Amino acid sequence: MARKINMGARREVVSAVTDRYQAARRAEKGRILDALCATTGWHRKHAVRTLRRSATVGPGKMEAPGERKRRYGATIKDAMTALWEASDRVCGKRLKVMIPTLLPALEQHGRLQLGQADREHVLAISAATIDRLLVDVKIAASGGRRRRAGFYSAIRREVPIRTFNDWNSPVPGFCEVDMVVATGWTECLPLLTREGWLVVEAINRAQSLFPWLLRGVDFDNDSAFMNDVVVPWCREQKLEATRSRAYKKNDQPFVEQKNGAVVRRLMGYGRFDGIETVRAMGRASMRRHGFTSTSSSRYSS
């Protein structure tokens, strides 16, 4: 069993064997690694990377955790912001795939002018890094508001999860519900504020428009749904209430697919407030034989 030694001792051990490891032949390097892993408890791959890094920065000057140089600076962030806006503000995973197409187009029209190194960084950036770089940009774009996390976590835990594999062709009457729009037979209703009792009114209104009785509603994890108004009301109405997994939009494929085709196409991507706006959205939606936000069946008619 490997001994546990503190970080300072590990650095001393690495500093002591770095030069010997660099000068050793293959077989001797293996023995040095075996001894280092036995002493530190490290995995062999980690030991190799640590010795190489020590050789690069010099003995006794190992990089401490958290001291890794930032690879992407302000230039890359500005470029990613421009690409994000040009992509209609898609998520990092989708934007990553679009960069090789969008970047030349923005360069051609003078929107971006990057040096060769920065251009290579933009093309090589990962989806996770894109999302990290754009966190504050997205908050600013939404008016400086960040959603509260965990506010209704107790209620959320009471609602069983239904994934995309669990639908199994249910009979008409089950709905997917989202704060944007659902799919199939679509009824959209404007909500003045993100309140549970308004969601209940919207579901009641949607029920009056459906040619069948509601049997169940499948929500996302939005606090407008996961609260002590909507969930108890669903149970009182004998509606089967389920929810998707957090950040797993594929669990609601039917409702999510209409975000662009119905609401985004009609209303755009802005956030609207006020009673007059709600009335205008209702009138505009009625002209398309629908409303704006919330419930619908996955079955067409």
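The values are calculated or read from the model by the stated rules, or taken from the named source; none is laboratory data. Here the structure is a predicted model, which means the values were calculated and not measured. Because the Cβ atoms are built from the backbone with ideal geometry, glycine has one as well, and the counts that use them run over all protein chains shown. Heavy atoms of the whole protein, side chains included, go into the accessibility calculation; ligands, DNA and RNA do not. Shrake-Rupley method; radii C 1.70, N 1.55, O 1.52, S 1.80 Å.
Screening the candidates Arg205, Arg235, Arg148, Arg156 for the property of being among the basic types (Lys, Arg), exposed (fewer than 15 other Cβ atoms within 10 Å of the Cβ), outside any strand (DSSP E or B) and at pLDDT below 85 yields one hit, Arg148.
Taking the criterion of being touching a residue at least 40 places away in the same chain (Cβ under 8 Å) and either surrounded by fewer than 15 Cβ atoms within 10 Å (Cβ to Cβ) or β-branched (Val, Ile, Thr) (or both), the residues of segment 238-248 that qualify are Thr242, Lys248.
Which of the helices (runs of 4 or more DSSP H) found entirely inside segment 64-142 contain at least 1 residues meeting this: in contact with a Leu (Cβ under 7 Å, 6 or more places away or on another chain) and surrounded by 15 or more Cβ atoms within 10 Å (Cβ to Cβ)? Spell out how you get there, then give the answer.
Working: elements: 74-86, 92-108, 116-124, 127-133, 135-141.
Where helices (runs of 4 or more DSSP H) fall fully within segment 64-142 and carry at least 1 residues being in contact with a Leu (Cβ under 7 Å, 6 or more places away or on another chain) and surrounded by 15 or more Cβ atoms within 10 Å (Cβ to Cβ), they are 74-86, 92-108, 116-124, 127-133.
Among residues of segment 95-116 that are farther than 17 Å from Asp78 by Cβ, those with a Cβ under 6 angstrom from a residue that is in a loop (DSSP other than H, G, I, E, B) and open to solvent by less than 70 Å² (accessible area, probe 1.4 Å), sequence gap 6+ or separate chain, pair up as Met98/Ser87.
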